[in-house]
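No lab work stands behind these numbers, since they all come straight from the coordinates. Every value quoted in this text rests on a predicted model; they were computed, and no experiment measured them. Cβ: placed from backbone, ideal geometry, glycine included. Neighbour counts: every protein chain shown.
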């Protein structure tokens, strides 16, 4: 998952600035037609696209992992993503690819690459719902890491979110009551990587366009995945090529749809919708792979959700009103 896809605590964290951007303005563009639908309805429609994209990404990763390595999966995602971004950039849009702060791009891409590897590793080995539930700890790690790295103050509401997030994580992992699967710990480490990616994206977004960030991410990550993948390359069967294409497309559309939803509606609206990913992927796991519902996983995610929602509401109450 890209960092902009992660749930936020609220306040200083800004989703859509990380992804939504222009690819170059056109002279004599046609007037924009005003949409008469309520913004919340439009946000809900964008969230449907995001939820379907996240589910396609997970199912595609599970299907491909039956034949190819995770490195190959990352090759397909980066290659397709790079082709799409390059096609979207108009001739004038290429001026956004400036290469400023290239060292930051490399750092961000390495951290995100590690997170992606851990996420797909979990997708291949543990129930899909458990992967998504553990991924929802990302806002907790953002709040913890933002204090030393961004010098942001952790308010009482954020401490509440952190506390409930850690409680929810323990409910999911249930140490002492069940054997903790190593893959679950890998996914948890991936969530920390996504949090670091989010923070690095925020720094880069001050000087780089969203498309430049995504472009360099795919350019840097493609050879990182290709080198180890070539050592044990397995050409997917014809039936799996559609999934290889799907994960590349879904990796971009999931973040774009989520960012558009965040631009149209408040976090108190979009946040709960984003958590619908968990029951949706739980149903997909049951239907496609016979994975039974784990009520402790759903319960742990619900505890995390309550903490994040409480933080969002508290941050919103502190914002100055017009």
message: Show me, bin by bin at 5 Å from 0, the whole-percent P(r) of the range 86-228 based on Cα pairs.
response: 2, 9, 16, 17, 17, 15, 12, 7, 4, 1, 0, 0
field: Shape call, the range 240-302: gyration tensor on alpha carbons, a/c limit 1.5
entry: oblate
field: For 131, 111, order by how many other beta-carbon atoms lie within 10 Å, fewest first
entry: 111, 131
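Ranking 119, 94 by Cβ neighbours within 10 Å, fewest first, what do you get?
Details: 119 26, 94 15.
Least crowded to most crowded, the residues run 94, 119.
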message: Using Cβ contacts closer than 10 Å as the measure, can you line up 126, 59 from fewest to most?
response: 126, 59
query: Given the convex hull over the Cα atoms of the range 56-131, what projected area results after averaging over all orientations, in nm²?
result: 6.0
task: Compute the projected area of the convex hull of the Cα atoms of the range 88-141, averaged over all viewing directions, and report it in nm² to one decimal place.
output: 5.7
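Arranged from highest to lowest average of other beta-carbon atoms within 10 Å per residue, in what order do the peptides 147-155, 205-213 appear? Write down the numbers at each step before the final one.
Details: 147-155: 12.3, 205-213: 19.4.
Peptide ranking by packing, descending: 205-213, 147-155.
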field: Debye intensity ratio I(q)/I(0), log10, the range 171-322, q values 0.15 Å⁻¹ (C-alpha model)
entry: -1.27
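Can you tell me what the convex hull of the Cα atoms of the range 154-250 projects to on average, as an area in nm²? Walk me through the numbers on the way to the answer.
Details: hull surface 40.8 nm².
Mean projected area for the range 154-250: 10.2 nm², to one decimal.
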